[in-house]
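First up is the structure itself, then whatever we jot down about it.
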Amino acid sequence: MRRLLPFLLLPALLLPAFPARAGDPLPYPTGSTSQTYAGLRFQLVLPSDYDPGKEYSLIVILHGAGGTETGMAGALRELPPRGFVVCAPKSTGQVWSLSDLGKVKEIVRHLMEVLSIGKGRLHGAGFSNGGWNLAPLVFDEKLPFVSACWIAAGYNGGKVPKRAKKEMGALALAGSQDPNRGAAEKTVDLLRDKVRTVECRIQPGIGHEFPDKLMPYYFYWLGVMEGRFVPGECLSFDFAPSYEEFRKTMEAEKKGGFIYFYSAGDRDDPAAKALQNEAFFHPLVRWYGRQLAAVKLDRGENESLFREFKLKKTPAVVVLKKDGKVAKKLEGKIKTSAVGKAFQKVAKHKAPPKR
């Protein structure tokens, strides 16, 4: 069996940020409004309960050729209730120009100054033509973007700041029949080792359009890039809806599996956060883990099963062979390499994927 390649933990985010101005009057109305700054129109969406005394996230999204600011803001309508301010600028022409991008940067700086945007909570995204023009915005040395998402497009070159290797996550989303799918997938190769983490997700059955079915993962991913952590809120794998369905999948598909036990009380546990937000995000952990059946279980609701596996604490990962017997048990402070090796042991394809 080939040895597993070394695993590295994703470094913690340490980003500068503009100070929040708590206590100041609201500079913009809550809800969705049309605004103009630096000669560029943009749709701005503040959470309905926006409070200057709290910290929020800011996401800037660039539309596609001939697109509108309202369309892009609408595509992210689920984010404001999650504590995000959405900014969707409108290009002066059908597509984005360097002049437009310069104005977008001015808008970003302005919003960072007048709104309560938290440290490490600035995100950028671009759809189609907006994606092709995203790099000059998100990789600007003077703007502390923590993530970049190419939608129906891909990274197509441009200087990546050194800080990105420790401070930025990158994601590419596309439809399976989108002509830009190849560029989205190539983004992983182009940005690997240049950013903190990079991946590509494909929505089956659609062409060059907004991949709406991938939005739940994108919204989850945004939180992880900020360091948000809620035990059990994990979308790194296709978890079965129940333990019974998990065992049925193992039996029907004759493959190994793993159980992820979590506990609500682990919210402030660094080890639990590292497992879910770092180990489960590692490319090789995902490569092996996605070959297995998977289920996540709240210990509080599955105490008898937890004890049946003779576990003592959460977080815990129980790896099973295809015959249902335990191959490995991990609990407490779990190393990324340990998870990867345990998954690799029962996976069908044991060799790492070619880069």
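The values are calculated or read from the model by the stated rules, or taken from the named source; none is laboratory data. Computed from a predicted model, the values in this text were never measured in an experiment. Because the Cβ atoms are built from the backbone with ideal geometry, glycine has one as well, and the counts that use them run over all protein chains shown.
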Residue selected from region 174-212 under the condition of a type in the set (Lys, Arg) and buried (at least 18 other Cβ atoms within 10 Å of the Cβ), by the criterion farthest from the chain's Cα centre (by Cα): Arg181
Tabulated pairs, region 260-277, first more than 14 Å from Cys234 (Cα to Cα), second among the small types (Gly, Ala, Ser) and not in a helix (DSSP H, G or I), C-beta under 7 angstrom, 6+ apart or interchain: Ala271/Gly332
Filter pass, Phe306 being closer than 30 Å to Asp189 by Cβ, surrounded by 19 or more Cβ atoms within 10 Å (Cβ to Cβ), in contact (Cβ under 8 Å) with a residue 24 or more places away in the chain and aromatic (Phe, Trp, Tyr): no
Test: residue in region 323-330 that is in contact with a helix residue (DSSP H, G or I) (Cβ under 8 Å, 6 or more places away or on another chain) and in a helix (DSSP H, G or I): no
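Checking the structure you have, find out if any residue of region 55-63 is surrounded by fewer than 20 Cβ atoms within 10 Å (Cβ to Cβ), hydroxyl-bearing (Ser, Thr, Tyr) and farther than 17 Å from Leu137 by Cα. Quick ask: steps written out before the conclusion?
To start, the set of residues in region 55-63 that are surrounded by fewer than 20 Cβ atoms within 10 Å (Cβ to Cβ) comprises 55.
Of the ones still in play, those that are also hydroxyl-bearing (Ser, Thr, Tyr) are none.
No.
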Residue tally, condition under 24 Å from the mean Cα position of the chain (by Cα) and basic (Lys, Arg), over region 315-340: 2
Meets criteria (assigned by TED's automatic domain parsing to the domain that holds Glu78 and among the hydroxyl-bearing types (Ser, Thr, Tyr)) for Thr197: yes
Selected residue [assigned by TED's automatic domain parsing to the domain that holds Pro80, under 29 Å from Lys213 (Cβ atoms) and in contact with an Asp or Glu (Cβ under 9 Å, 6 or more places away or on another chain)] from Gly126, Gly154, Gly131: Gly154
Which numbered condition Arg77 misses (of (1) modelled with pLDDT of 90 or more; (2) part of a loop (DSSP other than H, G, I, E, B); (3) touching a helix residue (DSSP H, G or I) at 6+ places or on another chain (Cβ under 6 Å)): (3)
Selection from region 80-99 of residues that are assigned to a helix (DSSP H, G or I) and either surrounded by fewer than 19 Cβ atoms within 10 Å (Cβ to Cβ) or not assigned by TED's automatic domain parsing to the domain that holds Gly169 (or both): Pro81, Arg82, Leu98, Ser99
The lone exception for Ser48 - which of (1) part of a strand (DSSP E or B); (2) surrounded by fewer than 20 Cβ atoms within 10 Å (Cβ to Cβ) it fails: (1)
Cβ pairs under 8 Å, 6+ apart, first in region 148-160 and touching a residue at least 24 places away in the same chain (Cβ under 8 Å) and on the phi > 0 side of the Ramachandran plot, second assigned to a loop (DSSP other than H, G, I, E, B) and charged (D, E, K, R): Ala152/Asp178; Ala152/Glu209
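Quick grid of which residues meet (1) within 22 Å of the chain's Cα centre (by Cα); (2) surrounded by fewer than 17 Cβ atoms within 10 Å (Cβ to Cβ):
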| residue | (1), (2) |
| --- | --- |
| Phe237 | yes, no |
| Ala252 | no, yes |
| Ala264 | yes, yes |
| Asp268 | yes, yes |
| Ala272 | yes, no |
| Asn277 | yes, no |
| Gly289 | yes, no |
